[in-house]
Each structure stands twice: as structure tokens, then as C-alpha cells.
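Notes follow once the structure below has been shown.
The values are calculated or read from the model by the stated rules, or taken from the named source; none is laboratory data. Everything numeric here is computed off the predicted structure, so don't read it as measured data. Cβ placement follows ideal geometry from the backbone for every residue including glycine, while neighbour counts extend to all protein chains displayed. The accessibility values were calculated without ligands, DNA or RNA, using every heavy atom of the protein model including side chains. Shrake-Rupley method; radii C 1.70, N 1.55, O 1.52, S 1.80 Å.
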Amino acid sequence: MGWQYLSVTDETPNDLWIEIAALLEPPDILSLQSTCRALNQALYRKSVWAVALRQVCREHSLFLPTFPIEKMDTRQLFIAAMGPYRFKSLIESAGSFAAHAEDAPVLSPARGPFASHKVAVLPQTASYLIPGGRFLLTFDCEAFILWDLDLVGSAKDINRPQSQGMVCVFPPGTFGTFAGFETGYSSMDVSMREDSLRVVVSGGSGKVT
């Protein structure tokens with residue numbers, strides 16, 4: 001009795017491969033996708049990498065609204081989902097063990113900062129970059145601003161003249177105004193859920209009038 005050839009890709013429906021991919025981390029999906037043309041066609045699709053990106057956000061505590069998943073194409077989803085793993089690979093390949101911090105090698109950025117994002121943050125301003133890198137919170141006792149720096153790595157992110165901000169201003173003499181900027185002190189505490197933020201701010205002389 002001779003051996004019977006069995007094609008795994010031909011005998012297994014694409015829906016099952018997609019279910020398998022949903023259980024894997026992005027590097028494993030990429031490895032599976034790279035085994036043959038049939039699996040590449042089955043797995044390199046928006047639905048697979050959208051699920052992968054959502055899992056990455058949960059795994060690495062990234063703010064899910066950072067990524068407009070419904071508007072992203074397959075390539076953008078793939079790049080975003082692989083981001084934490086590419087960063088880890090960069091650190092591991094360029095880093096080395098050092099007995100003291102001063103002996104550790106300096107890692108140079110892949111490219112310089114872009115001058116298009118002009119967000120003025122004064123020394124007395126409390127600021128917080130929300131995990132995911134798209135949104136920046138600033139507070140200076142006069143205004144609380146949520147800056148949208150746009151999707152990391154996108155072309156319009158580089159070419160846009162400046163970042164957009166949603167501003168909440170505290171007018172003087174009204175309820176909620178922070179009393180005097182006497183100490184030049186401001187602080188901000190941020191707690192994050194998958195798709196929402198809770199922000200507590202304090203500043204000025206330490207009391208609200």
C-alpha cells in the first residue's frame with residue numbers, strides 16, 4: 001500500500017485557518033503565512049490582521065482608539081500589529097548586557113523627529129503620552145488639551161502642518177477654575193481601559209474654587 005499525498009491547504013477550509021490565526025501572535029501568523037502561497041492568500045487579509053491588532057492592544061495595554069481599524073487597509077493593520085515585536089527585535093539586536101547603566105550602548109533612532117508636530121509643552125505643564133503614541137494629554141491649570149498626533153507612521157502624519165487638539169479651557173472666575181498659578185505646579189493621573197480614559201488633574205495652589 002503506497003503513501004497517499006494529502007495537501008493540508010487544499011483539504012482545510014480557509015475559515016479554519018482564520019480561526020487558527022486568531023489564536024496566534026502576529027509573528028506566528030506571519031510565519032504561517034510565509035509557508036506557501038495558499039496560506040499567504042488565506043491569511044493576508046484585513047479580517048485576520050484586524051483581530052491580531054486588537055489582541056496586540058490588549059496584550060500590550062495600548063489604547064485601542066489609537067488605531068482606526070475600520071479605515072485601515074491590510075498593510076497598515078499588519079505594520080501596526082507587528083510594531084511591538086519589531087521594537088523588541090531592534091532592542092535585542094542592538095542592545096547588550098551591561099553591569100551599569102552608563103556602560104549600556106546608545107541606540108540611535110532609525111530616523112530623526114519630524115518638525116511638523118509642534119506641540120508646545122511648557123516646563124510647568126503636566127503631560128502624558130497615551131500608550132499607542134497617537135494621543136498626548138497636556139494640562140497647565142488654564143487648559144486641558146487632548147492632542148491628536150495622528151496614526152504613527154502614516155504619510156499624512158509626516159506631511160500635516162501641525163497636530164490637532166481638543167481643548168477644555170478653565171475660564172477665570174467660574175466654577176472649576178484652578179486657584180492661582182502661584183506654585184507653577186500641575187499634575188495629571190490617567191487610568192486607561194481598552195477604549196476609554198479617566199483623567200484626574202490638579203494644580204495651582206492645590207485647591208479648586
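Here is a yes/no grid of residues against (1) over 30 Å from residue 48 (Cβ atoms); (2) at pLDDT 65 or above:
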| residue | (1), (2) |
| --- | --- |
| 78 | no, yes |
| 90 | no, yes |
| 109 | yes, no |
| 113 | yes, no |
| 121 | yes, no |
| 126 | yes, yes |
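Which residue pairs have Cβ atoms under 7 Å apart, sit 6 or more places apart or on different chains, and have a first residue in segment 72-83 that is farther than 14 Å from residue 62 by Cβ and a second that is open to solvent by less than 20 Å² (accessible area, probe 1.4 Å)?
Listed by first residue and then by second, the contacts come to 74/49; 78/49.
Could you go through segment 26-37 and let me know if any residue there is at pLDDT 80 or above and within 30 Å of residue 190 (Cα to Cα). Don't jump to the end; show me each part of the working.
To start, the set of residues in segment 26-37 that are at pLDDT 80 or above comprises 26-37.
Checking which are within 30 Å of residue 190 (Cα to Cα) leaves us with 26.
Among the residues of segment 26-37, at least one is at pLDDT 80 or above and within 30 Å of residue 190 (Cα to Cα), which makes the answer yes.
Out of everything in segment 58-85 that is assigned to a helix (DSSP H, G or I) and of a type in the set (S, T, N, Q), what residue ends up being least open to solvent (accessible area, probe 1.4 Å)?
Here the residue is 66.
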